[in-house]
Amino acid sequence: MRYDQTLLEDIRSANSIVDVVGEYVPLKRSGANYTAPCPFHNETKPSFMVSPRLQIFKCFGCGKGGNVFTFLMEYEKITFNEAVKKLADRIGIKLPVYQEQSKEEKSLYNSLYGIYESALRYYQNNLIDKDSDGLAYLKARNISDKDIKTFQLGLALKTQSGLHGYLAKKGFSKEALAKCGLFTSSNGGLRDKFFDRIMFPVYSSDGKVIAFGSRIYKDSDDRGAKYLNSPESPIYQKRKHLYGLYQTKESIIKSDSAILVEGNIDLIALWHHGFTNVVASLGTALTEEQVKLLSRYTKNIYILYDSDSAGKEAAARAISTFITQSIFPKLITLPPNTDPDDFLEDHGTSALRDYIDDAKTFYSFIYEIRNAGKNLDSKRRALTEVISFLDQIVSPVQKELYVQECANLFGVSETNIFRALQALKKKSWKPKDPLNLHVDPYHEEKDIIQLILSHPEQCADYFDDIEVDYFTHPLIRKLFKLFKTKENPDILAGKGAPLLDYFDPKDSDFISDLLFNEQPFSRNDFEKMLIGLQLRKLNVDLNTLNEYIIKHPDNEEKIQEKKAIKHKINQLKKDFKGGTVKKLLS
Ligand SMILES: [Zn+2]
């Protein structure tokens, strides 16, 4: 449920972001903005900024950003509506009670939880059926009845109408079924997304089923996706959850340690063999939220990923995510190209225990996987990578200790490592993840939307000529739509903060980043950028048409359409022979 936009505007304009943030952190004036040490990550030099003009904040260290509502949500760990309430109270505005709407929203959430709960029962019943081939598969993989019960495993049958039929009979609304993520729509109806798969329910920390992971289980099954997870939904954001944690957290607390694995089968295998302090990262790159969640239970983390090259790279990325949260994981390296499940099968519990006892520090792990002992070149590369990790260590004492150890391992002086760290500091804002340097595929769209955000009045003449689907980034597309529809005059007037109300709070970092990056306006550059964008869209359309025409060579209408597009492309290219357009196209 969202409050009325004008009400939000009243609450916001009466709560200056500088005043509100200033109640939590010591703000200092710096030019047009205010700065402070960031309250969301550990730092001594302030990279947290508040803009009184845009009424937004942005941290250039950790990337957090948003308006006065999102600041409170993030700082106080409260919901949007709670933040609105708090700020309304602060200035003495009484909020209306939207009884009906909130009931509706509540009922959608309840329906979704109900659907997942019922789906779980359905899948479980399918599996325990004595003729179930899924059960035979799990037994063959040494997964016991007790494991199945603990992790509530289930089976999706071959049919694509089983779950739908079951849930429809239970009376769930069409809307809720369409939104739950367990179905795909075809010909106006819904079909089961998961069929002929082993199902692994994912739980929230308070024990509700909120998602499913799945895998194929027959040797003959040649469907592309071996693993398939249910998508995000109003009740599930994957970056915030860890598979198995609900069942294993007590063991994690008791042993004050956790073993982090990649897959759900690995997790169950470890559990089966008595390593009950285990969690899995749900098949995605480990996120900051997942690290924060896990660190509530323990700071002693063992990373046990597959020992193939993909697993090693994933582990190297996970190190970085942990270190930025001041956690120094140990890494377990199994013999080449094994996963934990197979390893336990072949070598047993005590062998894995030995490997855990031998777990490596992050720098020894990098030394090993980068083959640093081989020659000078690989050593230099490994050291550069280790230094990028050292750079992320927040505590100076910890940093010094690790520098000493790394200097010993790599056979270089501590002074030189500190020099290298100093040199890194001098570089401008570096990417958070040093292993993930890539060209941003959306940079053209970002450039354009940044100009629009900085100078909406000057750009407004063009809005009618720009189609919403010229933009491919979903958030940028939504931003542009807000300008094009011109429904909120504050947005057109270039106020930053109201924009954020139209987005999920999790997207506010991205949007604040665009807002803070103000660009000078040049009509000429803007037009060139637009033509570049338009050409890109036309080329995409042209490719689609070509594919169609190859299959249907007699369709005169499409052939004419193709001609028209080609003509338009040539026209646009002729209009702008300048370097910019060419660059955008290449
Ligand atoms: Zn920060």
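Take residue 143 and decide whether it is crowded, with 20+ Cβ neighbours inside 10 Å and assigned to a loop (DSSP other than H, G, I, E, B). Yes; evaluated as a whole, the condition is true for this residue.
Restricting attention to segment 360-379 and to residues that are surrounded by fewer than 15 Cβ atoms within 10 Å (Cβ to Cβ) and in contact with a helix residue (DSSP H, G or I) (Cβ under 9 Å, 6 or more places away or on another chain), the residue that is farthest from residue 42 (Cα to Cα) turns out to be 373.
Go through 338, 298 for me and flag whichever is out of contact with any strand residue (DSSP E or B) (no Cβ under 7 Å at 6 or more places or on another chain) and polar (S, T, N, Q).
Going through 338, 298 in turn, just one is out of contact with any strand residue (DSSP E or B) (no Cβ under 7 Å at 6 or more places or on another chain) and polar (S, T, N, Q): 338.
Residue 570 meets all of the listed conditions (1) modelled with pLDDT of 85 or more; (2) surrounded by 13 or more Cβ atoms within 10 Å (Cβ to Cβ) but one, namely (2). Under the condition of being among the polar types (S, T, N, Q), modelled with pLDDT of 85 or more and within 29 Å of residue 61 (Cα to Cα), the residues counted in segment 480-529 number 2. Within segment 183-212, being assigned to a loop (DSSP other than H, G, I, E, B) and either in contact with a helix residue (DSSP H, G or I) (Cβ under 6 Å, 6 or more places away or on another chain) or surrounded by fewer than 20 Cβ atoms within 10 Å (Cβ to Cβ) (or both) holds for 187, 188, 195, 196, 204, 205, 206, 207, 208. Against the criterion of being β-branched (Val, Ile, Thr), in a helix (DSSP H, G or I) and modelled with pLDDT under 85, residue 448 does not qualify. Applying the criterion of being in a loop (DSSP other than H, G, I, E, B) and at positive phi to the residues of segment 47-67, the residue that is farthest from the ligand (Cβ to nearest atom) is 55.
Does segment 282-289 contain any residue that is of a type in the set (Asp, Glu) and under 18 Å from residue 324 (Cα atoms)? Scanning segment 282-289, I find at least one residue that is of a type in the set (Asp, Glu) and under 18 Å from residue 324 (Cα atoms), so the answer is yes. If the condition is being surrounded by fewer than 18 Cβ atoms within 10 Å (Cβ to Cβ), touching a helix residue (DSSP H, G or I) at 6+ places or on another chain (Cβ under 9 Å) and not in a loop (DSSP other than H, G, I, E, B), then segment 457-473 contributes 457, 458, 460, 462, 463, 464, 465, 468, 469. Among the residues in segment 222-237, are any on the phi > 0 side of the Ramachandran plot and either surrounded by fewer than 15 Cβ atoms within 10 Å (Cβ to Cβ) or not assigned by TED's automatic domain parsing to the domain that holds residue 284 (or both)? There is no residue in segment 222-237 that is on the phi > 0 side of the Ramachandran plot and either surrounded by fewer than 15 Cβ atoms within 10 Å (Cβ to Cβ) or not assigned by TED's automatic domain parsing to the domain that holds residue 284 (or both). Just one of (1) farther than 20 Å from residue 461 by Cβ; (2) loosely packed, with under 13 Cβ neighbours inside 10 Å fails for residue 489. It is (1).
The values are calculated or read from the model by the stated rules, or taken from the named source; none is laboratory data. Here the structure is a predicted model, which means the values were calculated and not measured. Cβ sites come from the backbone with ideal geometry, for glycine too, and all protein chains shown count toward neighbours.
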